[in-house]
Amino acid sequence: MIATIFIAYLLVLGASYRLKYLNLSHLKTHGHRVPTEFQGVVDESVLGRISDYTFDNSRVGLVESVIDNVLLVLFLFAGLIAFYDRWIASLANSFVWGGVFFFLVLLAFDTVMDIPFSLYRNFIIENRYGFNTMTVKLWLTDLAKTIAISTVFGAVVIVSALSIIQVSPEWWWLQVWAFLLVFGVFVMYISPYVIEPLFFKFEPLAVEGLEEKIRTLMGKAGLAVSRVFQVDASRRSRHSNAYFTGIGRVKRIVLFDTLIQQMTQEELLAVLAHEVGHWKKRHVLKRIALSEAAAFAGLFLASRLVQWEGLPGLLGLGDLSFYSRVIILGFLGSIVLFPLTPLSSFLSRRDEWEADRFASDLTENPEAMASALVKLSKENLSNLHPHPLYAKFYYSHPPVVERIRKLRSSRQ
């Protein structure tokens, strides 16, 4: 069985690498051609920068992926997980605190392994293409904050989940599912007040009259928004974005200052109308419901499989702790669920199409959304020539050229 699982893992890994290769080959072949939708805005020099930026990010991503997968093979198939399991058992006799050590040490290891790649992306690649504005001091500060937040939240989740498992060994899957649902909503609620201000400075919009126009647009959509802010994203990067945050009565609109600098007011309103479309069409609620349904089924299945004595034997291992069994289940689940990736991407793209249509109808100005997408793509050096198969498999948003084409055709 271990050979079968290893082959399945290699097939999944090979398929993902093949798709990335197809995408880059497609860009190499077609990347010199300016799409009709970008004529007069993007020239050959910009296309060259887009290709170089995409290839540079892909190369470092490939190196990171190879290293991660080699370590994963050593950990699971070379028996290191059994050694790690015994080491954790020697540190703590408690089921709950043993689990805290087990998972937080793995989280810390993953964080440390990511550091050199994060540094390279920010201070080599992003610098090379004029995106990075972050100092090393700010990068270190962000890293420290991220580690602190992930450690605290991770510890809360692990302690709570393992305590439930210990107290209710038969029905823990249902109670853990309910806890994670409540905890997730709680984090969404406090994020605008507690988490996001740790990384960004929130200020009133500096563009005169823009907030009034935004509130008018939101009112037209029947959506009440508590506050409209701009954040100092330019302290870290010249990439641009806008988003809704919060839940219930604490919904906020947040605009990156970089986005405000790049867009006209009509384009900003179109981008926000797109985000409003996700709320009005209940995309967020539907995604939460779908993910919770999957979590419900996954936890139920895990509660049965984790008790199966033959589970460690699938990887040629002897008896292992509950925590190691969870890791093995997660690994097997990633192999089984890989073929469903295109379905998840399709559902996400469908929501994006619907949000585009909503923005077009709400603003009665589809060209504003189209021109906003052109600017976002140019300013962020987005790939304008993704391979169709790669896009269908991985893209959560429709390819930008297709989005612009459909928006402009809606005027006719």
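The values are calculated or read from the model by the stated rules, or taken from the named source; none is laboratory data. The shown structure was predicted, so the numbers you read here are calculated from the model rather than taken from an experiment. Don't worry about glycine lacking a Cβ; one is built from the backbone with ideal geometry, like all the others, and counts go over all protein chains shown. Remember, those area values only see protein heavy atoms, side chains included, never the ligands or the DNA or RNA. Shrake-Rupley method; radii C 1.70, N 1.55, O 1.52, S 1.80 Å.
Could you check the spin-label model distance between K213 and A178? Points 7 Å from the Cα along Cα→Cβ, value in nm.
Each label point is offset 7 Å from its Cα along the Cβ direction, giving 4.9 nm.
Return the calculated 222 nm mean residue ellipticity for the chain, to the nearest 500 deg cm²/dmol, obtained by summing -39500 (n - 2.57) across DSSP H runs with n ≥ 4 and dividing by the residue count.
-23000 deg cm²/dmol
Need one value: the accessible area of D142 in square angstrom, 1.4 angstrom probe, rounded to the nearest 10.
The accessible area comes out at roughly 20 Å².
Quote the accessible area belonging to H30 in square angstrom, nearest 10, computed with a 1.4 Å probe and with ligands, DNA and RNA left uncounted.
The accessible area of H30 comes to roughly 70 Å².
Once both labels are modelled 7 Å past Cα along the beta-carbon direction, what's the K281-V96 spacing in nm?
With each label placed 7 Å out from Cα toward Cβ, I get 4.5 nm.
Quick one: length gained pulling I115 to E364 fully straight, 0.36 nm per residue minus the C-alpha distance?
85.1 nm
Is the range 371-412 rounded, prolate or oblate when judged by the Cα gyration tensor, a ≥ b ≥ c being the square roots of its eigenvalues, rounded requiring a/c under 1.5 and prolate requiring a/b larger than b/c?
Here the range 371-412 falls in the oblate category.
Using DSSP to call loops (not H, G, I, E or B), can you name the chymotrypsin sites (Phe, Trp or Tyr not before Pro) in the range 273-322 whose Cβ has at most 12 other Cβ atoms within 10 angstrom?
Here the chymotrypsin sites (Phe, Trp or Tyr not before Pro) that fit, given the DSSP loop and packing criteria, are W308.
Mind running the shape call on the range 182-229? Use the C-alpha gyration tensor, a ≥ b ≥ c as the square roots of the eigenvalues: rounded below 1.5 for a/c, prolate if a/b tops b/c, oblate otherwise.
Cα axes put the range 182-229 in the oblate bin.
Kyte-Doolittle mean at least 0.5 and Cα extent at least 18 Å along the axis: which DSSP H helices of the chain qualify?
2-30, 44-77, 95-120, 136-167, 172-190, 283-305, 322-337
Say R0 is 35 Å: what FRET efficiency, to the nearest 0.05, do A206 and E170 get from their beta-carbon distance?
With R0 = 35 Å, the Cβ-Cβ based efficiency is 0.05.
If the only charges are +1 at each Lys and Arg Cβ and -1 at each Asp and Glu Cβ, what is the size of the charge dipole of the chain around the Cα centre, to the nearest 20 debye?
About 540 debye.
For Cα pairs less than 8 Å apart in space and 6+ apart in sequence, what is the mean separation divided by the residue count of the chain, i.e. the relative contact order in percent?
With pairs under 8 Å counted, the relative contact order is 22 percent.
Say each of F296 and R59 gets a label point 7 Å from the Cα, pointing the same way as Cα to Cβ; how far apart are those two points in nm?
If labels sit at F296 and R59, their model points lie 4.9 nm apart.
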